Amino acid sequence: MKKVIFFVLAANSLFSFAQDISKEKVVAVVSTLASDEMKGRKFGTPENDKAAEYIAKEFKQNNLDYCFGDSYLIPFEYKGQKGYNVCGIKKGKSEQSLAFSAHFDHIGTNNKEGDNIYNGADDDASGVSTVIGLADYFKDKKTDFSMVFMAFNAEEIGLVGSKALSENQNLNPVFNNIKALFNFEMLATESQFGKNAVFMTGDEFSDFDELINANAVNGLKVYPDPYQGQQLFYRSDNVNFVKKKIIAHSISTVDMNKAFHYHAVNDDINIVDADNLTNIINNFAKTIEKFNTKNFQPKYNNKVKYDF
């Protein structure tokens, strides 16, 4: 009997471990999006389209349904240029959903000699790797919430892609059911609070971070935004969903006092703390796994502004 019990425990342990997103997978996603071949993923370039197609392929491998129509790629136009957002959905027991997002575009190249590619590994291939990692983690799981996975385009030119997606009338049936949106923005480096720690923009506007921390596993901690003076809550893609009165905050690790790679050519795979990023993704996944439609209903307070 002891041998049988040991075998069952060992099998369960292996199964649990197998659920984790591997560091190799995380590095592969960041490396692909931040490769020199992507030439900085600037909106309106073939490489930007290629990045969108790569994310769509990942969504397909994770068995996501289309948000509407017959493609994960949702086109939009801006100043005569066409681009794509990417959207997929995993149906849960409830129509109520949680959403996970990041932007995949970056700022392209410059005309200087030598390294002239803004690879955007931290900004925001790291966020996209988090979204894809979560989709991978929940691929074969039955969840209470449905889950919406979005990769926004044209963030760098004024949050254009997320605005286009949020205003797409075809997606109203999806967006009307979102109870909270986790927008991941720059998670490749260790935060000023240490490893396995993130901060959330606009923490003063809702109880979102409190509910996450109450359910957090393995020491994951969400800290208040240490850069409130920079108004980051209103400067990232989450804001276009705030306007729809959806709970939407950005989550990051970037230490703004040390982020010398921000919009610089050295924002490549070499600055990525892959162990910490992988750990954060897995701990968010396991934390989110504890949520259901009864224990996770975050709300805004009267301090938030919807019209700005």
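The values are calculated or read from the model by the stated rules, or taken from the named source; none is laboratory data. Bear in mind the structure is a predicted one, so any value in this text is a computation, not a measurement. Note that each Cβ is placed from the backbone with ideal geometry, even for glycine, and that neighbours are counted across all protein chains shown. With ligands, DNA and RNA removed, areas are computed over all heavy atoms of the protein, side chains included. Shrake-Rupley method; radii C 1.70, N 1.55, O 1.52, S 1.80 Å.
Return the only residue of LEU159, LEU232 being at pLDDT below 95, open to solvent by 10 Å² or more (accessible area, probe 1.4 Å) and under 30 Å from LEU73 (Cβ atoms). So the residue among LEU159, LEU232 that is at pLDDT below 95, open to solvent by 10 Å² or more (accessible area, probe 1.4 Å) and under 30 Å from LEU73 (Cβ atoms) is LEU232.
Go through region 253-308 and give me each residue that's open to solvent by 30 Å² or more (accessible area, probe 1.4 Å), over 17 Å from PHE138 (Cβ atoms) and of a type in the set (D, E, K, R). If the condition is that a residue be open to solvent by 30 Å² or more (accessible area, probe 1.4 Å), over 17 Å from PHE138 (Cβ atoms) and of a type in the set (D, E, K, R), then LYS258, ASP268, ASP273, ASP275, LYS294, LYS299, LYS303, LYS305, ASP307 are the ones that fit.
Every residue, every condition in (1) closer than 20 Å to TYR118 by Cα; (2) among the hydrophobic types (A, V, I, L, M, F, W, C), yes or no:
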{"residue": "THR32", "(1), (2)": "yes, no"}
{"residue": "MET38", "(1), (2)": "yes, yes"}
{"residue": "GLY44", "(1), (2)": "yes, no"}
{"residue": "LYS50", "(1), (2)": "yes, no"}
{"residue": "ILE55", "(1), (2)": "yes, yes"}
{"residue": "GLU77", "(1), (2)": "no, no"}
{"residue": "GLY83", "(1), (2)": "yes, no"}
{"residue": "CYS87", "(1), (2)": "no, yes"}
{"residue": "GLN96", "(1), (2)": "no, no"}
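Taken across region 214-223, residues that are surrounded by 17 or more Cβ atoms within 10 Å (Cβ to Cβ), in contact with a Leu (Cβ under 8 Å, 6 or more places away or on another chain) and either more than 21 Å from ASP20 (Cβ to Cβ) or of a type in the set (A, V, I, L, M, F, W, C) (or both) do not occur at all. Residues in region 162-190 that are farther than 30 Å from LYS79 by Cα, in contact with a strand residue (DSSP E or B) (Cβ under 9 Å, 6 or more places away or on another chain) and open to solvent by 10 Å² or more (accessible area, probe 1.4 Å): ASN177, LYS179, GLU190. Of all residue pairs spaced 6 or more apart or on separate chains, those with beta-carbon atoms under 6 Å, a first member in region 287-300 that is at negative phi and a second member that is open to solvent by 10 Å² or more (accessible area, probe 1.4 Å) and in a helix (DSSP H, G or I) are THR287/ASN215; LYS290/ASN215; PHE296/LEU211; PRO298/LEU211; TYR300/PHE205.
Conditions (1) closer than 29 Å to LYS244 by Cα; (2) in contact (Cβ under 8 Å) with a residue 60 or more places away in the chain; (3) out of contact with any helix residue (DSSP H, G or I) (no Cβ under 7 Å at 6 or more places or on another chain), marked per residue:
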{"position": "VAL30", "(1), (2), (3)": "no, yes, no"}
{"position": "GLU37", "(1), (2), (3)": "no, no, yes"}
{"position": "PRO75", "(1), (2), (3)": "yes, no, yes"}
{"position": "LYS93", "(1), (2), (3)": "yes, no, yes"}
{"position": "HIS106", "(1), (2), (3)": "yes, yes, no"}
{"position": "ASN116", "(1), (2), (3)": "no, yes, yes"}
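The single condition among (1) under 27 Å from VAL242 (Cα atoms); (2) free of Cβ contacts under 8 Å to residues at least 60 places away in the same chain; (3) acidic (Asp, Glu) that GLU47 does not satisfy is (1).
Here are the criteria: (1) touching a Gly at 6+ places or on another chain (Cβ under 6 Å); (2) assigned to a loop (DSSP other than H, G, I, E, B). Tell me which single one ASP140 does not satisfy. Only one criterion is unmet by ASP140, namely (1).
Exactly one residue among ASN292, ASN270, ASN282, ASN302 is part of a helix (DSSP H, G or I) and within 25 Å of LEU98 (Cα to Cα), and that residue is ASN282.
Is it the case that region 3-18 has a residue that's hydrophobic (A, V, I, L, M, F, W, C) and either at pLDDT 95 or above or closer than 28 Å to GLY158 by Cα (or both)?
Within region 3-18, the first condition is being hydrophobic (A, V, I, L, M, F, W, C), and the residues that meet it are 4-11, 14-15, 17-18.
Among the residues that remain, those that are also either at pLDDT 95 or above or closer than 28 Å to GLY158 by Cα (or both) are: none.
No, the conditions are met nowhere in region 3-18.
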